[in-house]
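> Mind having a look at this structure? Questions to follow.
The values are calculated or read from the model by the stated rules, or taken from the named source; none is laboratory data. Predicted, not measured: the structure shown is a model, and the values here were computed from it. Ideal geometry is used to build each Cβ from the backbone, glycine not excepted, and the neighbour counts take in all protein chains shown.
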Amino acid sequence: MKKFILLPLLFVYFISLSQDSLQKKQPQTELEKAQIKIGAIIKAEYFDVYYDKQKLFGGKFRVQVLNITDAASGIVLSGLYVQYTDSSFSSFIDLDEVPGLLKFIDFLDKTSSENPATYTEYIFNSRDLQLYGTYDPYQTNPWVYGFKLDKFYSSRSTRQVDLKVLDQIKRSINNAKDNFKKPLPEVKEPGKG
């Protein structure tokens with residue numbers, strides 16, 4: 001009897017694993033698409049922006065400016081590459097998403113003094129990364145912040161981070177503006193231009 005129950009469960013488990021691996025093969029960002037372009041000569045340049053040597057994220061964490069150039073056409077893409085260096089989890093953030101990321105970190109900074117009456121979540125989604133802030137009034141430390149890399153693929157890619165570290169990352173990205181081969185778009189206020 002146990003075999004009859006166990007076999008279907010194993011079958012469902014392995015099918016879900018194969019679906020996850022198929023899903024992961026689909027690139028979400030322009031940076032990813034450029035890196036896997038068949039027949040192209042690609043030049044990828046990485047500039048360190050933030051590197052967590054103290055393992056504040058439960059493992060080494062790195063943020064880099066990434067510039068990709070197609071050597072034949074001269075087309076250049078810029079953005080950010082974020083990775084946990086102790087695992088295979090990484091995410092790409094296209095240049096057009098970077099201002100929203102920076103603005104969301106500012107927003108989390110401003111809301112950190114709030115004390116909502118109920119459980120509350122704030123979420124920023126890019127094409128390949130999720131940044132979040134949650135408030136749980138029943139916890140000793142009610143505000144929790146974190147990243148989820150490879151956001152569509154695995155909850156194991158989630159790491160919590162202190163708001164001070166997010167502020168350091170934001171400052172580091174702003175200080176690295178000259179490393180982007182394309183200009184960093186300005187943060188647009190909702191309803192304006």
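> Going by the structure shown, is Gly100 over 16 Å from Ala44 (Cα atoms), touching a residue at least 40 places away in the same chain (Cβ under 8 Å) and small (Gly, Ala, Ser)?
Yes.
> Name the residues in the range 162-193 that are more than 18 Å from the chain's Cα centre (by Cα) and either at pLDDT below 90 or at positive phi (or both), would you?
Within the range 162-193, Lys182, Pro183, Pro185, Glu186, Val187, Lys188, Glu189, Pro190, Gly191, Lys192, Gly193 qualify.
> Among the residues of the range 120-150, how many are in a loop (DSSP other than H, G, I, E, B) and either under 13 Å from Tyr84 (Cβ atoms) or touching an Asp or Glu at 6+ places or on another chain (Cβ under 6 Å) (or both)?
Final tally of qualifying residues: 3.
> Still on this structure: Is at least one residue of the range 95-116 modelled with pLDDT of 90 or more, part of a strand (DSSP E or B) and either of a type in the set (D, E, K, R) or surrounded by fewer than 17 Cβ atoms within 10 Å (Cβ to Cβ) (or both)?
No, there is no match, as no residue in the range 95-116 is modelled with pLDDT of 90 or more, part of a strand (DSSP E or B) and either of a type in the set (D, E, K, R) or surrounded by fewer than 17 Cβ atoms within 10 Å (Cβ to Cβ) (or both).
> Tell me, which residue of the range 158-180 that is under 24 Å from Ala44 (Cα atoms) and touching a helix residue (DSSP H, G or I) at 6+ places or on another chain (Cβ under 8 Å) is surrounded by the fewest Cβ atoms within 10 Å (Cβ to Cβ)?
Asn174
> Follow-up. Working only within the range 125-144, note down all residues that are buried (at least 18 other Cβ atoms within 10 Å of the Cβ) and under 13 Å from the mean Cα position of the chain (by Cα).
Passing the criteria: Ser126, Arg127, Asp128, Leu129, Gln130, Leu131, Tyr132.
> Kindly evaluate Val63 against the criterion of being touching a helix residue (DSSP H, G or I) at 6+ places or on another chain (Cβ under 9 Å) and assigned to a strand (DSSP E or B).
When the stated conditions are applied, Val63 passes them.
> Would you mention how many residues in the range 30-51 are exposed (fewer than 12 other Cβ atoms within 10 Å of the Cβ) and either of a type in the set (A, V, I, L, M) or in contact (Cβ under 8 Å) with a residue 60 or more places away in the chain (or both)?
So the count comes out to 3.
> Pull out all pairs, ordered by first then second residue, where Cβ-Cβ is under 6 Å, the residues are six or more apart or on different chains, the first lies in the range 72-83 and is among the β-branched types (Val, Ile, Thr), and the second is modelled with pLDDT under 90.
Cβ pairs passing all conditions: Val82/Ser91.
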